[in-house]
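Chemist: Take this structure first; my questions come after.
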Amino acid sequence: MERSIVHMDLDTFFVSCERLLDSRLIGKPILIGGTSDRGVVASCSYEARKFGIHSAMPMRMAKQLCPEAIVLRGNSGIYSKFSNLVTDVIKDSVPLYEKTSVDEFYIDLTGMDKFFGCHKLASDLRQRIIKETGLPISFGLSINKTVSKIATGEAKPNNQIRVLKGTEKPFLSPLSVRKIPMVGEVTYRNLCDLGIRKIKTIQEMPMEMMSRVFKKNGISIWKKANGIDNSPVVKYQERKSISTERTFDRDTIDIKKLESIIMAIAENLVYQLRRGNKLTGCVGFKIRYSDFQTYTVQKRIPYTSADHKIIPVVQELFKKLYQRRLLVRLIGIKFSHLVEGGFQFDLFDDEERVLSLYQAMDKMRERFGDRSVIRASGMEAKSISRWNPFNGEPPPLLANRRR
């Protein structure tokens, strides 16, 4: 059966949300991110992109390129709400979809073309999203995820493209190799150094040559350049999560020890989020006392993977549950409602130096171990060890689990 895969992407999502809230922003160059000169651009409108502005650019540089741009701090809570609205529309309309970020979706319509055709189904869904949320959205439709994602990029802004089976290579050939999803800035520069700027050049090369130069990545790049991608649409699980629990050898009432271990567990678990390129939208806390009475509480938060956004929520939930004079047997922290995402939701009010600090700390942890860089307040926890919950490896001494 011929596959029908749709890739949908909300156009300049953060900017579109802001324009829904304030129509005066329509048609004007908009920058969203840290508002100080040390801030970073999280998103920008198409009007601002004409000046060479892009996401992750220092706000100071963006203002120099476009002095008339309107700078907004951004509101991750609002964006999370709109993201959930779009997700609800898609969930009600199709049997299988994958949410890969707050503004990006893959939909498998294979076998649903018996009555109206997959292109019409996708078009109707796009129009429903626009009507019910007011947000502009583009899509690409083809036989696989790679071609559909590239088609979406070509369809923008607020449009749609269908790539018929058998036309994948002609569609891709004139495009820049930078359009291939897995080609980042470093790989792009390496390809340019070899004189490879268009996808057509890769299509004309033997796969073995790409393999010799770029190893495994070379094979993947060659396949994508030729429109080959058999990866499935993975059913989106809204409540997938990662969690850590700590059962004490001896029940304790030492509040300083509890707070220190909670800090260490939370810090480590947030690092695992960033390591897995994930954002969490819900924080949960669990406590069990010596009489085995167990209590849990959770709180929805704007999507993030930043220590200074998540750890205070964990501390707040602990204080909400903790009953003094009772011995504690177990504590646990859980992050759920995970989506793909990196740092973009942390750029609204974080200075560039804060992001640089996180990146530097994570590099040290990656090289020397998770406990190589820790907060002084979390030094009581000595058994947290190196572990990545997103690569299928077994957990360490702590009872880490991925659901």
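Chemist: Given H placed on each backbone N at 1.01 Å, which residues far from residue 41 in sequence or on other chains put an amide H within less than 5 Å of it?
Modeler: The list, which skips near neighbours in sequence, is 56, 57, 59.
Chemist: Students often forget the sequence filter, so: which lysines lie under 23 Å Cα-Cα from residue 165 once same-chain residues fewer than 8 apart are removed?
Modeler: Qualifying lysines at Cα under 23 Å: 114, 120, 145, 149, 156, 179, 198, 200, 223, 224.
Chemist: Quick query: amide H of residue 144 versus all other amide H atoms, modeled in the peptide plane; which residues come in under 5 Å with a sequence gap of 5 or more or a different chain?
Modeler: Residues meeting the amide H criterion: 5.
Chemist: Plugging the Kirkwood radius over Cα pairs into Stokes-Einstein for the stretch 26-65, at a temperature of 10 °C and a viscosity of 1.306 mPa s, what D comes out in µm²/s?
Modeler: Translational diffusion coefficient: 165 µm²/s.
Chemist: Just to be sure I understand: if I project the alpha-carbon convex hull of the stretch 228-291 onto a plane and average over all orientations, what area do I get in nm²?
Modeler: Its Cα hull, projected and averaged over all orientations, spans 6.9 nm².
Chemist: Order 119-128, 248-257, 133-142 from most to least packed using the mean count of other Cβ atoms within 10 Å. If you can, show how the numbers build up before the last one.
Modeler: Values: 119-128: 17.1, 248-257: 11.9, 133-142: 22.5.
Those peptides, ordered most packed to least, come out 133-142, 119-128, 248-257.
Chemist: For the stretch 199-204, in order, what is each residue's ³J(HN,Hα) by Karplus, 6.51 cos²θ - 1.76 cosθ + 1.60 with θ = phi - 60°, in whole Hz (x at glycine and Pro)?
Modeler: Running phi through 6.51 cos²θ - 1.76 cosθ + 1.60 with θ = phi - 60° gives 4, 4, 4, 5, 4, 8 Hz.
Chemist: If the stretch 199-247 were replaced by its equivalent ellipsoid, with semi-axes equal to the square roots of 5 times the Cα gyration tensor eigenvalues, what would those be, largest first, whole Å?
Modeler: Over the Cα atoms of the stretch 199-247, the semi-axes work out to 37, 16, 7 Å.
Chemist: Also: Can you tally the net charge around residue 113? Count Lys and Arg as +1, Asp and Glu as -1, for every other residue whose Cβ sits under 15 Å from the Cβ of residue 113.
Modeler: Around residue 113, the charge tally is +2.
Chemist: Show me 223-231, 277-285, 318-326 ranked by packing, highest mean number of other Cβ atoms within 10 Å first.
Modeler: The packing order, highest mean first, is 277-285, 223-231, 318-326.
Chemist: Please give the peptides 184-192, 3-11 ranked by average Cβ packing (other Cβ atoms within 10 Å per residue), highest first, as a rough proxy for protection. If you can, show how the numbers build up before the last one.
Modeler: Values: 184-192: 13.0, 3-11: 23.9.
Top of the packing list down: 3-11, 184-192.
Bear in mind that the values in this text are calculations on the coordinates, not laboratory data. Bear in mind that the values here come from a model prediction, so they are computed numbers and not experimental data. Because the Cβ atoms are built from the backbone with ideal geometry, glycine has one as well, and the counts that use them run over all protein chains shown.
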